[in-house]
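Below: the structure, in structure tokens.
The values are calculated or read from the model by the stated rules, or taken from the named source; none is laboratory data. No experiment lies behind these values; they were computed from the predicted model shown. We place every Cβ from the backbone using ideal geometry, glycine too, and count neighbours over all the protein chains shown. Keep in mind that these areas ignore ligands, DNA and RNA; they rest on the heavy atoms of the full protein, side chains included. Shrake-Rupley method; radii C 1.70, N 1.55, O 1.52, S 1.80 Å.
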Amino acid sequence: MLMAALATEFGPAPDSARVEIVRAPGRVNLLGDHTDYNEGFVLPAAIELDTWIAFRRREDGLVRVASRHSREPGSFWIDDLGPDREGGNGSRVAATDPGATERRPGHWSDYVAGTAWSLRESALPIRGFDGIVDSTIPIGSGLSSSAALEIASALALLSGGHILAARSLAALAQRAERDYVGVNCGIMDQFASAAGREDRALLLDCRSLDTRYVSLPYGVRVVVCDTGEKRELRSSVYNTRRAECARAVALLVERMPGLCSLRDLEAVWLARHRALLPGNVARRAEHVVSENARVLATASALEAGDLDELGRLFAESHASLRDLYEVSSPALDTMVEVARAIPGVVAARMTGAGFGGCTVNLVLADAVPALKAVVSREYDRRTGLKGRVYPVAIVDGAGPVPTT
Ligand code: ADP
Ligand code: MG
């Protein structure tokens, strides 16, 4: 089947060609938003929604990819890739290949090309491939379809060669998204997709990259609710927030020499020096400082099975993102509100960068049908949007899929 699909897209293969498959999951962050780029803590989990690449290795350095989510395939020569910030990206057309399609900035295959560029820059042995990409992750909803595409691409490019540790894979994929695609992201998404573990959340220290796997309480399901809201403001506000955090550090360092990032700031010191900061900058710092503490408290509450504490921590995180960091939206607030009213919904909050995207909920298994019903009745009526509910199993990170 896959052999036939590949042949239709890219032409017949040599007799020796074998189809390989790699997969990389999306992720949901249980708690800790806008902390990763402040060198803080996050608590993501890899989810069963994932991205696959079925591919045939090539002996040369050409990569050709088609996605079931795009009508436009992409292709590039690995040796031709180079970032060129002014042009958005520096990938060039694979001019010597007759089947190569014209590429332009902003093409989805930049995530694949960026990953090839990043691996090549680290002198890793990679080879071209012809591949078909498919995904069950809703694209652009904050569940990290981009990181999943990068990690899956890395595995396809490295196939038959190097096996990289998950943290190296994550760092290389983050570099691709940041320096090639041009999205100034932290490392959480790629790390969760590469290093997730079945039924566990991943407590990640974004400074040291130390990890601890945390069990979820028995009988509690993770449920993601997609608001269906467009995210137009997201990237500009994201960059503004990063700049505000940097400003807080720059202003506070005068009184606190040695302060490198908001990760180092303690609540008492923020309270003492708050007058040095403009109001909006102080609120951003207060969110980051309190959110870091909540991540650690949430990991402990998960391990202790303390459902009341989890409910309280999720509620505080949502309020902090809404009122102090100012990245929530009426749709996210409504989604959280309708969920919280359901008996059996233990905890609910917005997750990810904000301005649309998803909420994350901890829900007793019995209450999942009620949550689905209320979202399609209450949420859709109140917002005029189409909400979607995904109960998600927590799965292992990326890897090859056995083919028989
Ligand atoms: P998120 O990572 O939250 O889903 P992003 O905006 O970071 O959203 O990444 C979405 C982009 O990633 C898409 O616009 C597309 O360019 C690319 N992408 C991700 N998955 C796929 C896929 N399966 N097929 C094609 N493009 C994809
Ligand atoms: Mg993304």
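Observations
- Test: residue in the stretch 354-367 that is open to solvent by less than 40 Å² (accessible area, probe 1.4 Å), touching a strand residue (DSSP E or B) at 6+ places or on another chain (Cβ under 7 Å), assigned to a helix (DSSP H, G or I) and touching a residue at least 60 places away in the same chain (Cβ under 8 Å): no
- Residues that are part of a loop (DSSP other than H, G, I, E, B) and either free of Cβ contacts under 8 Å to residues at least 40 places away in the same chain or within 13 Å of Ser67 (Cα to Cα) (or both), drawn from the stretch 104-130: Arg104, Pro105, Gly106, His107, Trp108, Ser109, Ala123, Pro125
- Residues satisfying the stated conditions in the stretch 272-285, i.e. small (Gly, Ala, Ser) and either under 10 Å from Glu244 (Cα atoms) or open to solvent by 70 Å² or more (accessible area, probe 1.4 Å) (or both): Ala275, Ala282, Ala285
- If you check Leu157, Leu143 for being crowded, with 24+ Cβ neighbours inside 10 Å and closer than 19 Å to Glu20 by Cα, only one passes: Leu157.
- Scanning the stretch 313-324 for any residue that is within 17 Å of Leu362 (Cβ to Cβ) and open to solvent by 40 Å² or more (accessible area, probe 1.4 Å) turns up at least one such residue.
- Residue in the stretch 93-101 that is within 16 Å of ligand 2 (Cβ to nearest atom) and either modelled with pLDDT of 95 or more or open to solvent by 60 Å² or more (accessible area, probe 1.4 Å) (or both) present: no
- No other residue among Tyr213, Tyr238, Tyr218 is more than 22 Å from the chain's Cα centre (by Cα) and either polar (S, T, N, Q) or open to solvent by 30 Å² or more (accessible area, probe 1.4 Å) (or both) apart from Tyr218.
- Residue in the stretch 182-197 that is under 29 Å from Gly344 (Cα atoms), surrounded by fewer than 19 Cβ atoms within 10 Å (Cβ to Cβ) and either among the β-branched types (Val, Ile, Thr) or touching a Lys or Arg at 6+ places or on another chain (Cβ under 6 Å) (or both) present: no
- Residue satisfying condition, being over 17 Å from Ala398 (Cβ atoms) and in contact with a strand residue (DSSP E or B) (Cβ under 8 Å, 6 or more places away or on another chain), within set Ser153, Ser159, Ser215, Ser208: Ser215
- Some residue of the stretch 52-66 being more than 20 Å from the chain's Cα centre (by Cα), within 11 Å of ligand 1 (Cβ to nearest atom) and either open to solvent by 30 Å² or more (accessible area, probe 1.4 Å) or small (Gly, Ala, Ser) (or both): yes
- The lone exception for Val133 - which of (1) part of a helix (DSSP H, G or I); (2) open to solvent by less than 20 Å² (accessible area, probe 1.4 Å); (3) in contact with a Ser or Thr (Cβ under 8 Å, 6 or more places away or on another chain); (4) within 16 Å of ligand 2 (Cβ to nearest atom) it fails: (1)
- Unmet requirement for Leu149, which otherwise passes all of (1) more than 21 Å from Glu59 (Cβ to Cβ); (2) more than 16 Å from ligand 2 (Cβ to nearest atom); (3) part of a helix (DSSP H, G or I): (2)
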